[in-house]
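Below: the structure, in structure tokens.
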Amino acid sequence: MRHSLRILPAASLLTLALLAACGDKAATAPTGADAKPNLADAAKPAVMAEQAKEQARAALPKGDPNTPASSYTDIESGNQLMFAYLGVAGMPIDYNEVATSYSRDYATASDEFKKSDLLKALKVKIDAGVAQAAQQRYVKLEIASPVQKYDFEKKGFPLDSSIWEKGSYRYFGDNSSYKIGFNNGASFRYLNVPEEDKARVIEGLRSKYESMHLVVYGYVQDADVSKKVVQAQILKVELVDKKGNVLASQAAQ
């Protein structure tokens, strides 16, 4: 098949040139602060999905910041995180899977009758642990060596990234299958210490590698079932020295 070549008149060529010039100008639209919001970007599936997640997080139950410290449960093991996760997830418990994470004896048993007997005993402990965790959502955990060098511009100490960095979690070695993350961690990127005398004390301890730890007081809000993550709201944090003295504290906004 032959293709015919059509010759455009001069007037048409001029029109095409003008249209092309207009196209070039549109491609050099202002950027940065002068640029107008891109509504097309805002409607992208990924952006819309993230907005939906933010709205869902905002709708989660909130903890009471006035809850006394004595009402918080110390989280010191991955098994506790597992119970907290199962207690808030509201899903049927896969006892075989949970028992494998919970008990080394069960995980390594090769005798199926022995495993069956173990599972019967473990079910009682698992159910009790889950029931207790479901009723007790106020939790606290300690983070060792939590602060970095003082930031004069922020007037505070950068905290461990596992608290505030998106996608970061904390876990325990005894049962690392279950983790904890913080929905409002972005508000705790820095431990604000505007008073210079207090900041000097903390920086002095930090620079000498003196033992300090951060106590994170949280409220269990939800569970990410795709990653086995307990999602918690931070109510407050306290920086404590090795003698138990509170050096600085910060509450959720």
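Only the coordinates and a few stated rules stand behind these numbers; no lab work does. Predicted, not measured: the structure shown is a model, and the values here were computed from it. Please note: Cβ atoms are built from the backbone with ideal geometry, for glycine as well, and neighbour counts cover all protein chains shown.
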Go through the range 80-168 and name the chymotrypsin sites (Phe, Trp or Tyr not before Pro) that are in a DSSP coil and have 11 or fewer other Cβ atoms within 10 Å of their Cβ. Phe152
Hydrodynamic radius (Kirkwood) for the range 43-149, which is based on Cα pairs only, to one decimal in Å: 17.0 Å
Can you pull out the chymotrypsin sites (Phe, Trp or Tyr not before Pro) in the range 167-253 whose DSSP state is coil and whose Cβ has at most 12 other Cβ atoms within 10 Å? Tyr209
Qualifying GluC sites (Glu not before Pro) in the range 114-190, DSSP loop, other Cβ atoms within 10 Å at most 15: Glu153, Glu165
Evaluate the relative contact order of the range 88-238 (contact order divided by residue number), counting alpha-carbon pairs under 8 angstrom at least 6 apart; express in whole percent. 25 percent
Given a Förster distance of 35 Å, report the FRET efficiency between Ser249 and Thr108 from their Cβ-Cβ distance, rounded to the nearest 0.05. 0.20
Along Cα→Cβ, 7 Å out, is where each label goes; now give me the distance between the ones at Ile93 and Ala69 in nm to one decimal. 3.2 nm
Report, by chain and number, residues whose modeled amide H sits under 5 Å from the one on Tyr190, excluding near sequence neighbours (fewer than 5 apart, same chain). Leu159
